[in-house]
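*Asks:* This is the structure, below, for whatever I ask next.
The values are calculated or read from the model by the stated rules, or taken from the named source; none is laboratory data. Worth saying up front: this structure is predicted, and the values here are computed from it rather than measured. Glycine gets a Cβ as well: all are built from the backbone with ideal geometry, and neighbour counts include every protein chain shown.
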Amino acid sequence: MGETITFWVLAVVSVGAALGVVFNRKAVYSALMLGTVMLCLAVLYAVQEAPFLAAVQIIVYTGAVMMLFLFTLMLVGVDTSDSLVETLRGQRFWAIIAGIGFAGLIVLALGNAVFSSQAGLAAATAQGGYIRSIALLLFTKYVFAFEVTSALLITAALAAMVLAHRERVAKKATQKDLSKARFLGDRPTPLPGPGTYARNNAVDMPALLPDGSVSEESVNPYIARYDVEQDRLPKDPKFAEAIRQRAEEESE
């Protein structure tokens, strides 16, 4: 009774998550839905007394492969808007071919599940336990399906890269362009050096020492004298006094 209830609960969750994978417009949400499907499969394996498959499903697929896709999409970032421009030529044609092939595989799998006879768990593990039986089946009878699954995982990794691929809309700025933009902007000077606490990214503003006092030596004397002569002192009286003293030292 408990196995039946578990199956129907997880079946509803799995089908709903699978539909979310297909119909969700955001790739990150689709990856989360796929992770839910994989977790449900792991629980179903555990209910069917296959602990090795349940552990492999969680550790390898859900824990490693699925989370790799998820964090790759989260770190790289994917725009929410749909683009009708093909960044890779011929991708729609090959996507249609792959969709037709995938639909054929689904039909064959359903036909095999409906019309083939049930073997049972005891017959499947009669050759020496779970791990030995799985290994023999994977590398003998189902070796082609095992290799196709490997190719499917590689395809999924490539698909994640394709989703994150974006064409550069502007020319990459060179070092010369960056230098011009910096000097044409409001702050051409670099950030203050370590050891001082600067409030402004400007050479005419004194920095603060670790004790909170103003460092008069952090202001260029020629700039300080120019600010005093042009009456361009800062509003803070502490900074203004430091600039005046620096200008007086230069005049002396």
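*Asks:* Which is in the same structural domain as residue 51 (by TED's automatic domain parsing), modelled with pLDDT of 80 or more, part of a helix (DSSP H, G or I) and within 18 Å of residue 60 (Cα to Cα), of 151, 156?
*Replies:* Checking each option against the conditions leaves just 151.
*Asks:* Need the failing condition index for residue 143 against (1) at pLDDT below 85; (2) hydrophobic (A, V, I, L, M, F, W, C); (3) surrounded by 11 or more Cβ atoms within 10 Å (Cβ to Cβ), just the number.
*Replies:* (1)
*Asks:* Still on this model: Can you name every residue in region 133-159 that is of a type in the set (D, E, K, R) and over 30 Å from residue 28 (Cβ atoms)?
*Replies:* Passing the criteria: only 141.
*Asks:* Can you spot a residue in region 211-228 that is modelled with pLDDT under 75, touching a helix residue (DSSP H, G or I) at 6+ places or on another chain (Cβ under 7 Å) and acidic (Asp, Glu)?
*Replies:* yes
*Asks:* Here's another thing I want to ask about it. Here is a list: 30, 14. Which entry is part of a helix (DSSP H, G or I), modelled with pLDDT of 90 or more and over 26 Å from residue 128 (Cβ atoms)?
*Replies:* 14
*Asks:* Is there any pair with a first residue in region 237-249 that is on the phi < 0 side of the Ramachandran plot and a second that is among the small types (Gly, Ala, Ser) and in a helix (DSSP H, G or I) whose Cβ atoms are under 7 Å apart and which are 6 or more apart or on different chains, and what are they?
*Replies:* 243/224; 246/224; 247/224
*Asks:* While we're looking at this one, here's another question. Taking the conditions exactly as written (under 30 Å from residue 51 (Cβ atoms), modelled with pLDDT of 70 or more and small (Gly, Ala, Ser)), does residue 98 satisfy them or not?
*Replies:* no
*Asks:* Still on this model: Look through region 5-42, keep the residues that are of a type in the set (Ser, Thr, Tyr) and within 21 Å of the chain's Cα centre (by Cα), and return whichever of them is surrounded by the most Cβ atoms within 10 Å (Cβ to Cβ).
*Replies:* The qualifying residue surrounded by the most Cβ atoms within 10 Å (Cβ to Cβ) is 30.
*Asks:* So, of the residues in region 163-196 that are among the β-branched types (Val, Ile, Thr) and at pLDDT below 75, which turns out to be surrounded by the fewest Cβ atoms within 10 Å (Cβ to Cβ)?
*Replies:* The qualifying residue surrounded by the fewest Cβ atoms within 10 Å (Cβ to Cβ) is 169.
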